[in-house]
Each structure stands twice: as structure tokens, then as C-alpha cells.
1. I need a count of the residues in region 38-68 that are open to solvent by 50 Å² or more (accessible area, probe 1.4 Å) and either of a type outside the set (S, T, N, Q) or in contact with a strand residue (DSSP E or B) (Cβ under 7 Å, 6 or more places away or on another chain) (or both).
2. Among the listed residues I179, I202, which satisfies the condition of being aliphatic (A, V, I, L, M) and touching an Asp or Glu at 6+ places or on another chain (Cβ under 6 Å)?
3. Going by what's in this entry, would I302 be described as open to solvent by 50 Å² or more (accessible area, probe 1.4 Å) and more than 29 Å from S359 (Cβ to Cβ)?
4. Filter region 6-51 down to residues that are over 28 Å from L237 (Cβ atoms), in a helix (DSSP H, G or I) and of a type in the set (A, V, I, L, M), then give me how many there are.
5. Residues that are hydrophobic (A, V, I, L, M, F, W, C) and without any contact (Cβ under 8 Å) to a residue 24 or more places away in the chain, at least 2 per element: which helices (runs of 4 or more DSSP H) completely within region 286-361 meet that?
6. Has region 248-255 got at least one residue that is open to solvent by less than 30 Å² (accessible area, probe 1.4 Å), more than 28 Å from I351 (Cβ to Cβ), touching a residue at least 60 places away in the same chain (Cβ under 8 Å) and not in a helix (DSSP H, G or I)?
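The values are calculated or read from the model by the stated rules, or taken from the named source; none is laboratory data. All figures in this text were calculated on a predicted structure; none of them were measured in a lab. FYI the Cβ positions are ideal-geometry reconstructions off the backbone, even for glycines, and counts take in every protein chain you see. Quick note on the areas: whole protein, heavy atoms, side chains included, nothing else; ligands and nucleic acids left out. Shrake-Rupley method; radii C 1.70, N 1.55, O 1.52, S 1.80 Å.
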Amino acid sequence: MRHLIKKEIIQIRRNSFLPKLIIVFPIMIMCVMPWVMDMEVRNINVVVVDHDHSTMSNRMIHRLGESKYFIFKGMRESYEIAINDVEKGDVDVIVEIPEYYEKDVKRGNIPAVLIAANAVNGTKGSIGSSYMSSIVAQNLSEFVKTPISTQQTVTFSSLYLYNKHLNYKVFMIPALMSILMMMLCGFLPALNIVGEKEAGTIEQINVTPVSKVSFIFAKLIPYWCIGLFVLTVCFLLSWLIYGIKPEGNILVIYLISMLLALVFSGLGLIISNYSDTMQQAIFVIWFFVVCMMLLSGLFTPISSMPNWAQTITYFLPIRYYIDAMRTVFVRGGTLTDILPQTFALVTFALIMDVWAVLSYRKKS
């Protein structure tokens, strides 16, 4: 086993590309992706059709121009002209202020302000409309001096737990760490074995008395170490660049990350055992990784998915890792809090690694 592991380390060191990938990949992911993978909607282009031309409507327009979410693209004479800009893709939201708006408000009648949002991008359209509604409500509250009979004044306060500044990076950084573990511990072992098949060097191992268990674990152990090293680099970059650090015990994170490495390295070896070429292995493992990422809750909540899709996620190990990772990293949970997810990862790891050993054939 010691000599086989040494052989793998020498092969990794002699590879001109792999050591660079191991260093550059996590740095690139952690330094760039948290800034661009952001669900907060900004730079919404908006135009205003003002039929009132009053102090109240001017105040709303000034408030709109000062917002950090909107880019004010000017006034339009009519709704028809504004909708042409939307059709060209130059405008995202149209705000149409009705005639006699201020007078009606002072009389106690609240006329409707039309907010027409381009919903081709549903997220941008709905969130942009929500932002604009908030500005209209704030502007209205300055001019309504007495309570309106058809409405009730409600006082409330908001408390944001675990992420008081609503920083989306807190949500995304654990997800990006998960992707790195999946890619490095899944792809690299699979491509290693298939590469040896194509080069013909694996036949030299097959004619030796080395057992299948020793061979498989010698292939996996170096990549497990690489995965844990990359995870450590991610922790350091998260702390140094964003000031975000795990709220829970970091050893618990390493434990569940090691279980995830066992799962995906086993999956990679299973695919490599059934693949004859590098291209075949890449496409098959890419298919599984992409499907798992989209269904795991990395980017969108599982509760928002259809019932049949939620059922599928129970058979995906990455779902349990994401739940456990965010519980410990973001909310400061303990091992007791993630026991169901830990047991699920242990089960998947046993199934995958036993399957990987049994599916490897020394004799073809």
C-alpha cells in the first residue's frame, strides 16, 4: 500500500497540469464566484411615465434615481413609447403615475401606480417589481398624514438570523466548497484509472498479486488528501477575503467532507471501471455531477421544487452534505444536529466504495 500510494504521488507531481489545477482551481472559485453567483438583483433599468407632474410624483422619481438597485433611464411621454423600449430590451420596468395622483392621495383616495416589469427573466422581473413597490409605498407614507379608513397601520420589526447583513456570500461559499469536493474527489480518480487503461500501464498492476482493495484505496487516498487540502485553502480564503468563517466546529466540517470525498471518489471509480476511454468517463461523470448539483439545493431551495423532484433528492448524497454543511458552517450546529445527514453520507460511502472494489476486474 505504501509503495502504491508513493507511485500515485509521483504521478501527480510529474503531471505538468494537475498540480497547477489543484492550486489555481480553489483560488479561482473562491475569489471570483462568490461575487458573480449572487441572487441579489441590481442595475434594473426603469423609465417613468408621469401624467401628474406634481410634487409627489417628482419626489418619487428622485427617490427612484437615488436607489442602488435601479438605473433611471429617463421619462417617457406615454406608456406605448415606454413599452417599445421594453420590447427592444433597453428597459426592465415601467412606472406609470396616473393623472391627479397627488390630489387623490390628499383626498384619501389612493390611486394605483402601474408597475410593468419585464418578466422574461422571472427573478429579475418579480424582485424588480417588489423593489419598486417599496419605493412607491415609502413615497406614499410621506404624503399621507391621516390614517385611511380602508387600511390599518401595522407596526412590525425584522430580525435576520445567522446572516444579519443579508450577505449572499454566506449562502454561496459552503455551496462552492461542495462543488470543489465533488469535482476534485470525483473527476480526478476516475480519469486517473481510465488514463492508465488507455496508456496500458494498468496491466502491469493487474499481473501483480496486489489485491483489489489495496489498489483501489491506493488510488483514492492521495485524492482524499488533495480534497481536504483544497477545503483548508477555501476556509483560509473565505476568512481572509470575505471575513466569513465557520460558526460551528471545523472538525465536524472536515468529517462530513471526508464522507463526501468517500462517496464521490467511489462514484468516480465505479464509472471508470465501466468506461474504456477518457471521453466516455468524462461525459458520464459530468452527467451525474450536473444533475446532482441542480437537484441538491446548492442554488435553489429544495422546498421550491415539485414533489417528484423533492423525492429524487433523497437519493442524492450531496443533498445531505449541503444540509449538514450549512447547519455547521452558517448556523453553528454540532455533530448531534446533523446525525441524520451523517448517517446518510456513511451509508452512501459504504455502498459506493464497496461497489467500486467489486466492479474492478483484474482480469479482462
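1. At the first step, the residues of region 38-68 found to be open to solvent by 50 Å² or more (accessible area, probe 1.4 Å) are 38-40, 42-43, 51, 53, 55, 58-59, 62-63, 66, 68.
Okay, now just the ones that are also either of a type outside the set (S, T, N, Q) or in contact with a strand residue (DSSP E or B) (Cβ under 7 Å, 6 or more places away or on another chain) (or both), so 38-40, 42-43, 51, 53, 59, 62-63, 66, 68.
Within region 38-68, residues that are open to solvent by 50 Å² or more (accessible area, probe 1.4 Å) and either of a type outside the set (S, T, N, Q) or in contact with a strand residue (DSSP E or B) (Cβ under 7 Å, 6 or more places away or on another chain) (or both) number 12.
2. Exactly one of I179, I202 is aliphatic (A, V, I, L, M) and touching an Asp or Glu at 6+ places or on another chain (Cβ under 6 Å), namely I202.
3. Working: open to solvent by 50 Å² or more (accessible area, probe 1.4 Å): no; more than 29 Å from S359 (Cβ to Cβ): yes.
Criteria not met by I302.
4. Residues that pass the stated criteria total 1.
5. 307-313, 339-359
6. No, region 248-255 contains no residue that is open to solvent by less than 30 Å² (accessible area, probe 1.4 Å), more than 28 Å from I351 (Cβ to Cβ), touching a residue at least 60 places away in the same chain (Cβ under 8 Å) and not in a helix (DSSP H, G or I).
So that you can scan it fast, the table gives a plain yes or no per residue for (1) buried (at least 22 other Cβ atoms within 10 Å of the Cβ); (2) within 21 Å of I285 (Cβ to Cβ):
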| position | (1), (2) |
| --- | --- |
| M181 | yes, yes |
| L184 | yes, yes |
| K197 | no, yes |
| N206 | no, no |
| A218 | no, yes |
| C225 | no, yes |
| W239 | no, no |
| P246 | no, no |
| L260 | yes, yes |
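Residue-by-condition table, conditions (1) within 30 Å of V213 (Cα to Cα); (2) out of contact with any Gly (no Cβ under 6 Å at 6 or more places or on another chain); (3) of a type outside the set (A, V, I, L, M, F, W, C):
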| residue | (1), (2), (3) |
| --- | --- |
| W286 | yes, yes, no |
| L295 | no, yes, no |
| T300 | no, yes, yes |
| P306 | no, yes, yes |
| D323 | no, yes, yes |
| G333 | no, no, yes |
